[in-house]
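Asks: Questions regarding the structure given below will be posed in turn.
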């Protein structure tokens, strides 16, 4: 067996190949990104071959090229590769060889390489998120102009017709000449972003309607097309998740551990003694809600598989433990916010 370490950049990749014994077979070789045939020719004599590289913007096209040639592709978690990230002396050739040797030693933290379709869903969701963030930034700048004149309007009202009428009727006389220019230009940006965001919402609904797993997710109360597509883009296939907490964290339901990313983390002490039990009960309800939602996701995504049954059993167990000792607890079905 051979292992190829690939240090990828926007214009070129550096490839190093070692054998099972750790001997350097191919010294660090630089290949330009448009020379994919040369890359395959370089790797062709060495089979079976594993190619390992860090997560970056370059991994999708390398995954397609190498997997199409029958090469086992290994994607490494860049933030967890401390041996490379924290090295005092970094060079492309050293990084490529170190990746190959770490794979031989079993020290590579792997990442699931999502297929093309899921990356397309994620691109659609992120595009909408970026436009919404731009609109929010513009709205915040408008609020800043109002605050300078001692004016206040509830958050979100500027995106409504009533809020714009208030701006024209109440706030406009108090604004200076330059502030009025700022308001005019920012309102034009908001009016331009609105149709784009609505068009993306329609596209998201269309894509979600074509995905069976998304349709199953939408049967859970509180999950619409947008949330269903996010879960599908991030969580499929759910067979790679070992615990309900891991699945729920990928769905954005609970915070995850910075060390492992596998279990939900609940911050803050639990009060006891003479203190109020309300925060404790609130946290217990939150843990049960997360566990219940993880079970719902498991059943919705893979309703008739052993993996779904295992995840659901774990979710029910987590929920029971969360409410152990609470006499006021009664079984109920929680829904997503």
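The values are calculated or read from the model by the stated rules, or taken from the named source; none is laboratory data. Just so you know, these numbers come straight off a predicted model, no measurement behind them. Cβ: placed from backbone, ideal geometry, glycine included. Neighbour counts: every protein chain shown.
Asks: Looking at 164, 119, 126, which is the one that is part of a helix (DSSP H, G or I) and free of Cβ contacts under 8 Å to residues at least 12 places away in the same chain?
Replies: Just a single option satisfies the conditions, and that option is 126.
Asks: Would you be able to say whether some residue in segment 85-92 is in a helix (DSSP H, G or I) and modelled with pLDDT under 90?
Replies: yes
Asks: I've got another one for you. Considering only residues that are out of contact with any helix residue (DSSP H, G or I) (no Cβ under 9 Å at 6 or more places or on another chain), over 20 Å from residue 40 (Cβ atoms), in a helix (DSSP H, G or I) and at pLDDT 85 or above, which ones fall in segment 93-114?
Replies: 97, 101, 104
Asks: Any idea which residue in segment 18-37 is nearest to residue 92 (Cα to Cα), counting only those that are in a loop (DSSP other than H, G, I, E, B) and over 36 Å from the mean Cα position of the chain (by Cα)?
Replies: 23
Asks: Among the residues of segment 176-217, which ones are over 28 Å from residue 151 (Cα atoms) and buried (at least 18 other Cβ atoms within 10 Å of the Cβ)?
Replies: Residues satisfying the conditions are 200, 204, 207, 208, 211, 213, 214, 216, 217.
Asks: Right, here's the next one. Which is over 17 Å from residue 132 (Cβ atoms), more than 28 Å from the chain's Cα centre (by Cα) and not in a loop (DSSP other than H, G, I, E, B), of 208, 181?
Replies: Details: 208 fails: more than 28 Å from the chain's Cα centre (by Cα).
Sole residue among the options that is over 17 Å from residue 132 (Cβ atoms), more than 28 Å from the chain's Cα centre (by Cα) and not in a loop (DSSP other than H, G, I, E, B): 181.
Asks: Given the structure, is residue 67 under 18 Å from residue 117 (Cα atoms), outside any loop (DSSP other than H, G, I, E, B) and out of contact with any helix residue (DSSP H, G or I) (no Cβ under 9 Å at 6 or more places or on another chain)?
Replies: Yes, satisfied.
Asks: Here's another thing I want to ask about it. Within segment 38-54, work out how many residues are buried (at least 16 other Cβ atoms within 10 Å of the Cβ) and part of a helix (DSSP H, G or I).
Replies: Total satisfying the criteria: 3.
Asks: Tally the residues that are closer than 14 Å to residue 191 by Cα and either more than 30 Å from the chain's Cα centre (by Cα) or not in a helix (DSSP H, G or I) (or both), restricting the search to segment 143-161.
Replies: The qualifying residues number 2.
Asks: Which of (1) surrounded by fewer than 19 Cβ atoms within 10 Å (Cβ to Cβ); (2) within 22 Å of residue 108 (Cα to Cα) is the odd one out, the single condition residue 59 does not satisfy?
Replies: With (1) surrounded by fewer than 19 Cβ atoms within 10 Å (Cβ to Cβ); (2) within 22 Å of residue 108 (Cα to Cα) applied to residue 59, the lone miss is (1).
Asks: Also: Using the structure shown, decide if residue 195 is modelled with pLDDT of 60 or more and either assigned by TED's automatic domain parsing to the domain that holds residue 159 or within 17 Å of residue 114 (Cα to Cα) (or both).
Replies: yes
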